[in-house]
Amino acid sequence: MTYECILTETRDKVGLITLNRPKAMNALNDQLMDELGLALKAFDKDENIHCIILTGSEKAFAAGADIAAMVGYSFMDAYKDDYITRNWETMRQIRKPVIAAVAGYALGGGCEVAMMCDFIIAAENAKFGQPEIKLGTLPGAGGTQRLPRAISKSKAMDMCLTARMMDVVEAERAGLVSRVVPLDKLMEEAFAAANVIASMSLPIIMMAKESVNRAYETTLSEGIQYERRLFQASFGTEDQKEGMQAFLEKRPAVFKNK
Ligand code: CAA
């Protein structure tokens with residue numbers, strides 16, 4: 001598959017997707033989002049890929065939805081024909097882990113896409129923000145929903161209402177990002193994390209992702225029950241036997257992804 005707005009490559013069991021519209025700060029137009037959805041689904045289906053990394057450039061992960069494309073849209077374009085964000089939730093269908101490796105600006109839809117990923121590793125120059133209010137609109141791809149869950153209502157309101165950007169020190173303190181690394185170490189760190197994940201049992205990794213995500217959708221007791229069922233289900237896998245046996249025999253586990 002040839003893409004125009006993204007680049008894809010594989011390294012061992014890791015699939016890398018790079019947003020690639022440098023002249024527009026990786027603004028997320030329909031074509032880019034279509035291609036991103038296709039690439040994510042292709043990696044998700046590929047048995048050899050166990051973890052996916054999504055990144056942008058050193059200057060911009062993504063500066064948001066494409067303002068030039070959106071400026072003339074009517075309510076009917078946006079609502080009835082569902083332009084702009086119609087395919088943005090594809091990320092939620094991806095069952096393998098997706099790491100966002102963020103450098104530079106992650107603004108508007110860029111911040112929202114980063115938050116759709118399973119966790120964010122950020123370079124020291126990363127900046128996060130929801131500046132839609134300055135454009136006479138509001139976040140439209142989950143910003144008002146995922147930010148309060150990620151960083152608290154107070155900070156989410158502050159970002160959505162004032163449009164101020166958050167630097168990495170604040171973003172890490174607030175829990176938006178899981179790790180901060182020097183810019184020149186960003187991809188090294190992202191691949192190191194992805195390779196660790198890829199060395200585990202894929203079905204168990206998928207169960208763990210599913211269970212953590214459940215925490216966003218349900219009550220604590222329902223979530224605990226859900227986790228318990230998946231934990232119990234893990235005992236039906238060969239990899240649970242191998243993982244525990246290997247620990248007892250003081251050797252590295254060799255998972256078969258079964
Ligand atoms: N859409 C379209 N084009 C964009 C863009 C965007 N979101 N962000 C940047 N660009 C373009 C600029 O228009 C410019 O193009 P030209 O060279 O042709 O003029 C090019 O990228 C470089 O941008 P700047 O000259 O502005 O670069 P800068 O370094 O001075 O500033 C920036 C960088 C702070 C990211 C600034 O470009 C900016 O504020 N961008 C817009 C951010 C924004 O408002 N994002 C929210 C979009 S709405 C949204 O995302 C809705 C949603 O929730 C789904």
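Modelled spin-label separation between Gln145 and Tyr73, with each label point placed 7 Å from Cα along the Cα-to-Cβ direction: 1.6 nm. How would region 87-225 be classified by its alpha-carbon gyration tensor: rounded, prolate or oblate, with rounded meaning a/c under 1.5 and the a/b versus b/c comparison settling the rest? Here region 87-225 falls in the oblate category.
Ranked by how many other Cβ atoms sit within 10 Å of their own Cβ, fewest first, the residues Ile224, Ile99 fall in the order Ile224, Ile99.
Note on region 216-258 and region 1-72: Cα centroid distance 32 Å, given to the nearest whole angstrom. Residues Phe128, Phe191, Phe43, ranked from the fewest to the most other C-beta atoms within 10 Å, line up as Phe191, Phe43, Phe128.
For the chain, the Stokes-Einstein estimate of translational diffusion at 37 °C and a viscosity of 0.692 mPa s comes to 171 µm²/s, using the Kirkwood hydrodynamic radius over alpha-carbon pairs.
Only the coordinates and a few stated rules stand behind these numbers; no lab work does. The structure displayed is predicted, hence computed values, not measured ones. Here the Cβ is made from the backbone with ideal geometry for all residues, glycine too, and neighbour counts use every protein chain on show.
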